[in-house]
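Below is one structure; the comments refer to it alone.
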Amino acid sequence: MTDIHPHSPSRERPLNETTSGWLMLVVVLTLFIVGGVLAARIIGIPLLVIAAIASAGFIVLKPNESVVLTFFGRYVGTIRRDGFHWVNPFYSKQRLSLRVRNFTTPTLKVNDKVGNPIDVAAVVVWIIKDTAQAAFDVNDFESYIKTQCEIALRDVVSTHPYDERRDEVVSLRGNTLAVSDLLRSSLQGSVEIAGIEVRDMRITHLAYAAEIASIMLRRQQAEALIQAREKMVEGAIGMVKMALDRFQAEGVELAQPHRANLVTNMMMVLLSDEGAQPVIPTTSANA
């Protein structure tokens, strides 16, 4: 029976104490000079060989750069400090940038929570947090985060509606900050194994797919018209009530037919899209 061991994540080991590159440069130059002078003798050739081998240990690091060192397959440590360094020339070196990076996903077609096809894309801002995990725990950390980003984007979009009138429901269009937090946390959980820290993830493109865009546009226009009408009716009722209360406060008594005509005319004037003609009741001379 074969034992299956769970994956043990690598951990970065900083190498803060390294040999000064300037000091070793003097040593290597001295070896080259002495070896050249003594080249005619037996000792000169070994000195030149040693100088040539030692020259392979120089490392120049810019700010926000690092180098991961291994010795015949064994992880030695990571140098993050910028400057001119010298290490064992037999170390294998893998440079990793510690700068903030970003990329934009391709536009994906995903069905939202209610089944509407959505075209969506997002931008991701990230950095390498653990160089050992980025170098050893995944095959290619850059392609890995891009793949996981698309998966996270599909997961979040498919579990939330494109639009929702209820405030308690998180929608893709109406709750951008909440959706960004969900995207970032979802992606962070997936790329933790690669030693990556996700700084931000936001949707940059969000629209209904072309096949339903015109239908959904008409629906949005209808919903907006209904909401506008609701506001207009609410305001008109308030103004009619205010007018009736003002008549009563001024001591003007209106008969029930006149009150009805007043309400009808005011509602017509306030709610009509075109110029309304109020109805003026007429009374006969015998009235």
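Assorted remarks:
- The length gained by stretching the chain between Thr159 and Val27 to full extension, at 0.36 nm per residue less their Cα-Cα distance, is 41.1 nm.
- Ranking of Ser8, Ser180, Ser66 by neighbouring Cβ atoms within 10 Å, starting from the fewest: Ser8, Ser180, Ser66.
- Given charges at Cβ of Lys, Arg, Asp, Glu: the range 101-208 dipole, positive-most of Val124, Ser171, Cys149: Ser171
- Considering only Cα atoms, the convex hull volume of the range 47-100 works out to 70 Å³ per residue.
- Nearest-0.05 FRET efficiency for Met242 and Arg99, computed from C-beta distance (R0 41 Å): 0.05
- Using only side-chain charges placed at the Cβ, +1 for Lys and Arg and -1 for Asp and Glu, the dipole size of the range 99-207 relative to its Cα centre rounds to 240 debye.
- Distance from the range 4-60 to the range 136-215 (C-alpha centre basis), Å: 47 Å
- Note on the range 83-147: Cα-only Rg and Dmax are 18.2, 60 Å.
Any read-out appearing in this document is the output of simple, stated calculations on the displayed coordinates, not a laboratory observation. For clarity, every value in this text was computed on a predicted model and none was experimentally measured. Methodologically, a virtual Cβ is constructed for each residue, glycine included, from the backbone with ideal geometry; neighbour enumeration extends over all protein chains shown.
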